[in-house]
Every structure is written in C-alpha cells, then in structure tokens.
2 protein chains.
Amino acid sequence: MTKQRKVAIIGIGITKFGEHWDKGLRDLALEAGLKAVEDAGIHGEQIDGGYVGNMAGGNFAGQEHIGALLADYMGLDPIPVTRVEGACASGGLALRQGYIAVASGIHDIVAVGGVEKMTDLSTADVTEILGGAGDQEWELFMGATFPSLYALMMRKYMAEYGATEEQFASVAVKNHKHGALNPYAQYQNEITLETVMKSKVVASPIKVFDASPITDGAAMLILAPLDIASSYTKKPIEIIASAQASDTIGLAERYSLTSIEASKIASKNAYKEAGITSKDIQLAEVHDCFTVGEVLATEDLGFFKPGEGAKAAEDGRTTFGGDLVINSSGGLKAAGHPVGATGIKQAVEITMQFRGDAGKRQVKDLEYGLSHNVGGSGATAVVHIYKRA
Amino acid sequence: MTKQRKVAIIGIGITKFGEHWDKGLRDLALEAGLKAVEDAGIHGEQIDGGYVGNMAGGNFAGQEHIGALLADYMGLDPIPVTRVEGACASGGLALRQGYIAVASGIHDIVAVGGVEKMTDLSTADVTEILGGAGDQEWELFMGATFPSLYALMMRKYMAEYGATEEQFASVAVKNHKHGALNPYAQYQNEITLETVMKSKVVASPIKVFDASPITDGAAMLILAPLDIASSYTKKPIEIIASAQASDTIGLAERYSLTSIEASKIASKNAYKEAGITSKDIQLAEVHDCFTVGEVLATEDLGFFKPGEGAKAAEDGRTTFGGDLVINSSGGLKAAGHPVGATGIKQAVEITMQFRGDAGKRQVKDLEYGLSHNVGGSGATAVVHIYKRA
C-alpha cells in the first residue's frame, strides 16, 4: 500500500483473560475499551472510528452486530464501528482495518478492539462452533475438529523432521513460564514437561496441554497518526507494517502440512514494508493455538529453518536468553485464547513491552516486535511489526 | 475522509434471490463472484483485495471465516479477503471497506461481495438468529423479535402522524410492482392492497406482506480506481460518497421511534461528501426490511418531510412517474433479503440502472443514485451515492 500517514498505538486496555462467569461480551469489551481510552488520556468524543474483532458472538452469545454494540456501550455513537471476522485472526484483521483507516486519513483516532465470550457453553459446543473457522462442508461435517486438523500437522512434522512430542511439550512449558509472569494471563502457573506428556490425549499426538484453552476476554487499542501521537503519550509505539494473506480454507488442499503458506506470505510482505528481516525481531507474539502452531510459526516467520523450530524451542532459543522471545505474554496457551481478542492482546503485550511495563517478563533491548495471528488452520494470517516511535 | 482516489464500479454479479435448496453459501458467493469478474472483463489474478458482508454464517450454516472461504473458492489466494458484519447492513459495510481500500490506494482492484444462506432453517430459528442484530440481553432475551421492534416504530408513527395501515401496505404493493420487472427478484408477482391488508398479522400492525422474506442469495461488485476504470468498462459508475453511522443497539434507548438517527447522520454526511442534496437523487435503493422501514428511510434520507412518507408512498410519489423511484429492484420486500447480500444488491441494481440495463424497470434520466442499508432496528446505517462516471 501507499502509506499516507504513519500509525501509532497511543492507548491499550485489556481484561484479565479467563473464565468470567459474572461478565458478558459487552461487559468485557467495555472494560477493555474504557481502560484503553483512559490509558490514551483522551475523551471518548475524540475517537472518530472503530473496528472490533469477534469470531462467533452469534453462536457463543446470540449476539451479532458487535460493532454497533461496542459503539453504544462505549458511548461512541454516532461514529462508525465495524466488526470484522476472520475466525481466530479476527483481532488481527480488526487491527489491520484500523491501521488502514488511520494510515489513509479516513479516521484520525480509532478504537480497535477484540472480544470473545466463550465459557457460557460446553466444551463440545465450543469445539463445534470453532469448527466454523475451517471448511464446514468438507472438514467439520466429516467429523474433523480443530485439534484433529492440527494433530495432522503435528504428526506430519514429526514424521518429516523426526521431532518428538517432548519438543512440542517444551513449547507449552515455556509459555506457562512466561504466563506465570503475566497478571492478565488465564494460567499464571508453571508446568513441567511431565504434566504435558501425561495429560489427556485430545487428538493424538495433541494432548490437552498442547492446546490453548477456552477463554473469555477483551483487549483494545487506541490508534492515532504518529505525528500527533506524542501529544497524547510519552511512549507511542509505531506500527511499521501490516500484512494479511489467505490460503485454502480446508487443510487437505494445501501443498504442505508442515508450514502455513499464509504466514509465510504475510510475514514476507510485512518485513518488506518495514524494511527489516526476521533477524531484527527481539519479541514475537505468535499464534500458538496448539504447540505445533508455535513451532510452524517460528519457521514460517523466518526465525528458524524448516524442521528446526521444535528443537529450537526445546533448546531454550525462544525464551529469555535465547535467540528471541516468543510469546512473552504466555501466548494463547497460557495467557488464554478468547479467539476474537487474541490478535489485539498480542499488540497490547508488545506495547507493554516497548513501554517497559512488562514487569518480570520484560524483554530487554527491544527494537522490533512482531505479532502473528492465524485464522483456522491457516486460511488467514495477519502480521504486524512494531517499533518504539 | 481525505479522498485520495475516485472509486468506480467496473463489474457486477448477482444470483437470483430466492430459495436455493440446491446451493450452499459458497456456491452462491462463487456464482455472483464469477459473474462479476466476467462482467468486469478482468482475470481473477488482477484482484488484489476483497471484502465480504455476511451476517450470520456461523448460525445459518455453521460457517465462519467467510473471507477465507470466498478467497479460496474464487481462486483469489493469497490475497487478503476480510469478512465484515453489521447485521443486515453487512453488505453496505463491506462496500464501504472496499471503497476505503481503493480510495486510499491500499488496493487497486477489489472484489466486494455479500452473501447469506438462510433457508436451511425453520422460520422460528431464522427469526431468533436475526434477533442477534438487536440487543440480545435487553431485547431478544426478553422476547422481542425484529417484527415486534419495527411494529413499535410503525404503531408510534401511526399514532404521531395519523398514518394508516393501508398507506404502509401501499409500499409493499409498489415494491412487488417493481419486483415483478426484476428477473433476479425472489417474488416477481404483483400484489393488491387487499392481499397485504388481509395477510396474517406477525406483530400488530405488521402483517406478513409488510415484511421482507427469508432469502438465499449473493451479489458482488468489482471496484477499481476511476482513472483506470474506463480501460475495463465502457460504463463505469462512480461511487461519490460513502458514510456510516451508529446508534444505540436497543430501540428503547433512542430519542425517537419515528426516525432512524443513524440514517439521518449517514445520509447528511454522504450528501456533504457528494456535494449534492436529497433533491438531486432520482433513484434510491432503501432498506425496507418492513414497510415502515421504507417510510422512515424516505424521510430520514430527506426525500419527504417527517410524517409525509407514508402518504407519499400511497400517492405514488415513490414509483415511476413520481418524485423519485424508491427500490426499483423491488426492495427487500419483493427482491428478497439475504441479509449480508442486500447492501451489495442495492449497488448492483443502481449500476444496472446507470448502464441502462434495467429493462422494464429502467429509471429514465438518471443522474444520481443512492443506496441505504440498515443494521438491526437502526444501530448501523450506511449510505452510498453513485453517478455515471
């Protein structure tokens, strides 16, 4: 794209991720929204546009029209607020639309949120609803669930590269270690390799502790043109690239099961837009819906060569003291995965890190951060790159 | 917004609207998409971005992630395709995002679609799902359905202005007269005032024939920068304004039940952007989900004064030979209302009219056209204005 204006994050807000029995979808979105507005030091009236990522409010909560709901409850009427949906990449897509709106001059100050309320239903119902991220007619209708689709990828990766289940398990152990340091994470406890390995099999070789949980939560960003950002915050974070790519909705039609082509294309385009390479990134929040998802991401984003991601995780190269930090927030695995909110949470985490507000999980000498959000088994991928403004 | 580039419609495609027992959501979207690509005289590879409006694929068809689905089935991978949702305004919002993408230079040639597959479920289920367009917690959970919400508006209008049920019924008669001339319409038959008046009461005073039907269908546009549009088509149509506004999601919190504030604000902004007034419009495709919806629209958009819309319809001022033509397609009432597709269908109809391809329903001396798409009971409204390029 022709970038007309540079875009900055001037405010962030996030709810605790977890099981919020006492809060509905709108309560969560409102909480994150008010925090973001307060954090940006603006008045709601200054916001002139909004986007919100939500995957399945219709099925989870009987509520569509989430854009209007958010505009109403945040007191933003009559400004336009639009919901975007790309399964578990909904948050990342909302961020991208907000970025486009500010970059192009359509809006000046934009609220970009993500929200999902998932825990009101049974695990079986949630699994079926999440299946709508894949190919309903050729995958779900045939009995495939998301754990089973990612299990195919994991098994193929193990067969192709000789990776072990323990290597994948090490991703979960590492993300719980990070999540234990994140006060917004759903699970703030460390786990052992044995816990993962002995956990119940969901879809072999994926076990419960290879999988991200079912989560309620919301996150919100306030975006503004970079040139006015410093009048709102001392620590604006610039979004220097935004890229999105698509692939077949069904897994069976892909050329490869051991990489996600949309992630490769989106990240390649994002690096090009940012004028950097994967080697410049110190922190990446990647889409670890399952441990194999993180392994593939670290390869598709260029941090490790194909087949080396699982071993790199086992060798501690993706945590503090390693090559770079992957998922300082705890990732989807430990921080939780309220699907529509995840893409925004990633940007919130990166902003906290740039600001030096990440406490015990602070990444040192951070120059460039990256977020990577995937929809379904990889039919949508969206990548953003950030730096301190 | 700062308009960087002028935007034109260079291709259109639409399925017959109706009950497609033999076709699923993807088949409908693909049919409209291929027609639009063929109509534009382009190759699919020339498309570099896409947006699709869909309200409730998750509930109607178990399918979310409609953007990726469309990218896949239209052979557009790896370009980004994003679903947007704003209840029954989803199509209009998709058009607006496509317009923004082209106007701002983010994309050059963009596919903008809308699709909904509704007839696989019972009327009761569809009614409940459509309820997700309103306030789930304060309206639907309490038993309100959309016919009942619009019935409140109709009753209030009748009480305030002394309008009659026959006047509203005349809207349905007029739209069936138009729909009878539209080969894509769900109902291509004329009806009498008596048919409407004697039809079953849904939510008094709304009767079955005051209401738009449950419909399957899809529509698609190809957008391009105006300066290259003439290399693709001899008859490019320019979109000269795009505006969206929000209001409270629940009806009870509105200041007025006899106008839709979001429609007023969106149209005011659109007229300003276009540099014209309501008097310049010869054709408007407006959101007649119920006959009262059309009456309010013709007032909110400035064609008639408050309280005069119902009588204007009865007096024939909204059909051929009147002040302007409202809903030459037959509107939602007769052409059908596949909710996510409606906003795109409106633009398809207006494009056909500008091209002189509207057959027996051709509007003569057309200079400016307008489309008006509403989500829920008015929590979202989006207005576009068109002229021959």
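Since every read-out is calculated from the coordinates, none of them should be taken as a lab result. None of these values were measured; they are calculated from a predicted model. Positions of Cβ are generated from backbone atoms using ideal geometry, with glycine treated the same way; all protein chains shown enter the neighbour counts.
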Quick check: Cα centre of segment A:23-41 to Cα centre of segment A:255-277, how many Å? 32 Å
What does the convex hull of the Cα atoms of chain B come to per residue, in Å³, rounded to a whole number? 118 Å³
Mind checking the mean number of beta-carbon atoms from other chains within 10 Å of the Cβ atoms in A:53-59? 5
List, shortest first and in nm to one decimal, how far the label point of B:Arg5 (7 Å from Cα along Cα→Cβ) is from its counterparts in the other copies. 2.0
Would you tell me the mean number of C-beta atoms belonging to other protein chains that fall within 10 Å of each C-beta in A:370-378, as a whole number? 1
If amide H atoms are built 1.01 Å from N in the plane of the peptide, which residues on other chains or at least 5 residues away come under 5 Å of the amide H of A:Thr380? A:Asp247, A:Gly375
Students often forget the sequence filter, so: which aspartates and glutamates lie under 20 Å Cα-Cα from A:Lys305 once same-chain residues fewer than 8 apart are removed? A:Glu160, A:Glu165, A:Glu166, A:Glu261, A:Asp280, A:Glu285, A:Asp288, A:Glu294, A:Glu314, A:Asp315, A:Asp323
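By the gyration tensor of its Cα atoms, with a ≥ b ≥ c the square roots of the eigenvalues, what is the shape of segment B:244-323: rounded for a/c under 1.5, prolate for a/b over b/c, or oblate?
Verdict is oblate for segment B:244-323.
Quick check on packing: order B:219-230, B:306-317 by the mean number of other C-beta atoms within 10 Å, highest mean leading.
Peptide ranking by packing, descending: B:219-230, B:306-317.
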Which residue in chain B puts its Cβ closest to the axis that rotates chain B onto chain A, and at what distance in whole Å? B:Ser104, 2
Could you tell me the distance between the Cα centroids of segment A:321-389 and segment B:144-167, to the nearest Å? 51 Å
Looking at the protein assembly as shown only, what percent of DSSP beta bridges run antiparallel? Nearest 5 please. 70 percent
Could you give each residue of segment A:226-240 its phi-based ³J(HN,Hα) in whole Hz, using Karplus coefficients 6.51, -1.76, 1.60 with θ = phi - 60°, and x for Gly or Pro? 4, 5, 10, 4, 5, 7, 9, 9, 6, 10, x, 10, 8, 8, 9
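Quickly estimate the mean residue ellipticity at 222 nm for chain B, helices only: each DSSP H run with n ≥ 4 gives -39500 (n - 2.57), and the total goes over all residues, rounded to 500.
One gets -11000 deg cm²/dmol as the mean residue ellipticity at 222 nm.
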Share of Cα-Cα pairs in segment A:43-122 beyond 18 Å, in percent? 39 percent
Taking a ≥ b ≥ c as the square roots of the Cα gyration tensor eigenvalues, with a/c under 1.5 meaning rounded and otherwise prolate when a/b beats b/c, else oblate, which class fits segment B:189-267? oblate
Globularity index of the protein assembly as shown, i.e. its alpha-carbon radius of gyration over 2.2 N^0.38 Å: 0.91
How far is B:Thr123 from the same spot in each other copy, in nm, shortest first, if each label point sits 7 Å from Cα toward Cβ? 4.1
Any lysines with Cα under 25 Å of the B:Lys198 Cα? List them, leaving off those in the same chain fewer than 8 positions away. B:Lys156, B:Lys174, B:Lys177, B:Lys207, B:Lys311, B:Lys333
Would you please put A:74-85, B:325-336, B:245-256 in order of how densely packed they are, using the mean number of other Cβ atoms within 10 angstrom per residue and starting with the highest? B:325-336, A:74-85, B:245-256
Between the label point of A:Leu193 and that of the same position in each other copy, find the distances and list them shortest first in nm, with every label point placed 7 Å from Cα along the Cα-to-C-beta direction. 8.4
Semi-axes of the equivalent ellipsoid for segment B:34-88, Cα gyration tensor, largest first, Å: 22, 12, 10
What is the Cα centroid distance between segment B:104-136 and segment A:91-139, reported in whole angstrom? 15 Å
